[in-house]
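What follows is a short report on a single structure.
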Amino acid sequence: MGPVDRAQLADFLRTRREALQPEDVGLPRGPRRRTGGLRREEVAALCGMSADYYGRIEQQRGPNPSEQMLAAIARGLHLSLDERDHLFRLAGHAAPRRVLRSDHINPGIMRILDRLEDTPAQVLSHLGETLRQTRPAIALMGDDSRWTGMARSMVYRWYTDPLARAIYPEEDHPTHGRIFTAQLRVAYTREGKGSRAATVVDALHDISPEFRAVWAEHDISTTHTDVKRIAHPELGVIEVHCQTLIDPDQSQVLLVFTAAPGTESYEKLQLLSVVGDQRL
């Protein structure tokens with residue numbers, strides 16, 4: 001770890017905070033807002049840290065931010081990869097390696113997600129790791145960003161945790177299992193041996209006969225149907241249309257779930273805000 005340039009770090013954070021508009025992060029501007037950018041406490045909330053901690057960094061005092069804190073600030077301020085790397089260097093850290101497994105979400109994807117606060121939507125990595133969810137998505141499918149280790153991967157949980165399959169009706173399980181496995185194969189082929197994808201493949205080969213059988217089929221059909229059925233514990237089965245936006249630079253996808261107006265599933269989605277985060 002190198003020296004921290006506190007003055008430049010504080011200046012960089014201030015300019016990026018002031019350049020970020022409330023509308024960029026899904027916040028109301030409000031009639032009493034006098035500043036064009038965000039307030040420190042708003043940025044702190046977006047970063048998942050206390051306003052005091054963030055404020056001390058902008059005031060050139062307080063502790064040196066860790067890599068975890070810097071990553072949270074980069075996400076909260078919707079920094080580009082170049083800006084994220086600059087932030088790390090100002091704080092005395094080496095810039096994170098730019099590899100496909102990066103958890104850094106593209107700012108454009110973040111801006112879209114922030115505008116979907118009333119819609120179930122989530123960002124997934126190429127390994128099926130949930131990087132960010134809207135509140136309705138958590139209410140619909142559970143908080144999948146809480147997992148650690150290999151369990152972050154949906155395909156790993158699919159073959160190791162029976163509860164992971166409860167989100168879908170049982171008759172849909174074979175289809176989802178084949179698609180998850182095909183997506184893992186694509187990631188494994190692209191990244192090769194020694195990658196995180198390879199680690200997941202090796203682990204599943206050791207512990208899951210079902211995975212070995214599906215893997216042996218060598219299916220690479222990764223496309224889901226436009227319509228999925230989600231089994232909600234309170235509302236029952238909800239039929240949703242899944243729209244996918246791909247960010248090729250980070251190998252991430254934004255999934256947005258909607259239902260046809262006038263249908264029973266549409267009414268159930270409207271009830272998610274009333275039911276709350278039951279999946280938590």
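Some values worked out for this structure:
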item	result
Global form of the range 113-171, assessed from the alpha-carbon gyration tensor, a/c cut-off 1.5	oblate
The chain: angle of helix 67-76 to the longest principal axis, Cα-based, in degrees nearest 10	90
Helix 81-90 axis, angle to the chain major axis (alpha carbon atoms, nearest 10°)	50
Full-extension gain in nm, R14 to E234, via 0.36 nm per residue minus C-alpha separation	74.8 nm
Cα-based helix-to-principal-axis angle, 6-19 vs the chain, degrees rounded to 10	70
Length gained when the stretch R146-L245 is fully extended (0.36 nm per residue, less Cα-Cα span)	33.4 nm
Distance between modelled label sites at A51 and D5, nm, 7 Å Cα→Cβ extension	3.0
FRET E, pair I207, L271, Förster distance 35 Å, beta-carbon r, rounded to 0.05	0.35
Qualifying GluC sites (Glu not before Pro) for the range 1-68 [loop in DSSP, other Cβ within 10 Å: at most 16]	none
Within a Gaussian network of the chain (alpha carbon springs, distance under 10 Å), most fluctuating of D114, D161, D206	D206
Cβ charges +1 (Lys, Arg) and -1 (Asp, Glu), total dipole of the chain, debye	1000
Residues whose placed amide H lies under 5 Å from that of L131, excluding near-sequence neighbours	V123, L124, S125
In order through the range 200-215: 3J(HN,Hα) via Karplus (6.51 cos²θ - 1.76 cosθ + 1.60), integer Hz, x for Gly, Pro	5, 4, 4, 5, 5, 4, 6, 10, 10, x, 4, 4, 4, 5, 5, 4
Gyration tensor (alpha-carbon) shape descriptor, the chain, a/c threshold 1.5	oblate
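None of the figures in this text is laboratory data; all of them are computed from the coordinates on show. What you are looking at is a predicted structure, and each value in this text was computed from that prediction instead of being measured. Glycine also receives a Cβ, built like all others from the backbone with ideal geometry; neighbour counts cover every protein chain displayed.
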